[in-house]
Amino acid sequence: MNSLDPIAMLEAEHRVILKIVGAMAVLADVMEAGQDKRKPVESVLEFLQAYVGRCHHIKEEQHLFPALAARGVPTQGCPIGALVHEHQKLHALVEDLSQAAQMAGQADQASRAAIVRCLRELAAMYPGHIWKEDYLLFPMSRKVFQQGDLDALGTKFCQVDDQIGPQDRRRLEDLAERLYEDSMAAAS
Ligand SMILES: [Fe+2]
Ligand SMILES: [Fe+2]
């Protein structure tokens with residue numbers, strides 16, 4: 001039996017992701033005011049691509065959603081279909097941010113405006129997405145799953161984490177904390 005609670009793992013990751021959400025909102029403001037924030041934007045991007053894209057969303061898309069579907073939860077409509085659609089929009093925004101950040105080497109006005117737009121849209125979308133998972137999807141999952149389902153999910157989630165590695169995960173969580181603290185200092 002696996003002692004890890006996979007739903008609690010996802011909830012804990014949401015708390016880390018929300019730190020980056022807070023940092024993105026402030027970064028957008030200070031960039032719009034004319035400050036050069038290329039380095040923190042690169043860090044935000046790295047976090048979104050690795051911690052969210054290759055870890056958190058993989059756990060949900062490749063393991064949690066299919067496990068719910070196997071227990072009879074419909075994959076179309078609310079909640080799974082809507083959440084998958086939001087993941088697609090979030091992935092597209094991260095890709096847009098990546099392209100804008102590459103262009104920003106030339107420090108032109110258009111690429112800065114594109115970065116600000118992506119940061120704002122990501123910061124606007126994530127809290128609602130996380131709220132739906134924390135307060136709708138996860139409570140429902142706890143009702144639908146049996147202990148064996150949770151144990152199997154916990155094992156799969158650990159395998160996803162292993163692909164990133166504990167040191168890199170820790171480093172990315174520290175990065176989120178640092179970006180959040182820096183952004184709060186910049187906002188005060
Ligand atoms: Fe999600
Ligand atoms: Fe999530």
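The values are calculated or read from the model by the stated rules, or taken from the named source; none is laboratory data. Model, not experiment: these values are computed from the prediction. Don't worry about glycine lacking a Cβ; one is built from the backbone with ideal geometry, like all the others, and counts go over all protein chains shown. The accessibility values were calculated without ligands, DNA or RNA, using every heavy atom of the protein model including side chains. Shrake-Rupley method; radii C 1.70, N 1.55, O 1.52, S 1.80 Å.
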Å² of accessible area per residue within the range 135-185, as computed with a 1.4 Å probe and no ligands counted: 60
Projected onto the charge dipole of the range 6-187 (unit charges on the beta-carbon of Lys, Arg, Asp and Glu, signs +1, +1, -1, -1), the Cα from LEU97, ALA113, PRO6 with the largest positive-side position is that of PRO6
Between the range 1-72 and the range 110-154, what's the alpha-carbon centroid distance in Å? 8
Karplus ³J(HN,Hα) for the range 65-74 (6.51 cos²θ - 1.76 cosθ + 1.60, θ = phi - 60°; Hz, whole; x = Gly/Pro) runs 4, x, 5, 5, 4, 5, 8, x, 6, x
Residues of the range 19-102: accessible area per residue with a 1.4 Å probe, Å²: 45
In whole percent, how big is the carbon plus sulfur part of the accessible area of the range 15-151, probe 1.4 Å, protein atoms only? 55
What are the ³J(HN,Hα) values, in whole Hz, obtained from phi via the Karplus relation 6.51 cos²θ - 1.76 cosθ + 1.60 with θ = phi - 60°, for each residue of the range 21-30 in sequence order, with x given for Gly and Pro? 4, x, 5, 5, 4, 6, 4, 4, 5, 6
Simple Cβ-charge dipole of the chain, Lys/Arg +1 and Asp/Glu -1, about Cα centre, in debye nearest 20: 200
Residue by residue through the range 78-88, what is 3J(HN,Hα) from phi via Karplus (6.51 cos²θ - 1.76 cosθ + 1.60, θ = phi - 60°)? Round to whole Hz and write x for glycine and proline. 8, x, 5, x, 5, 5, 4, 4, 5, 4, 4
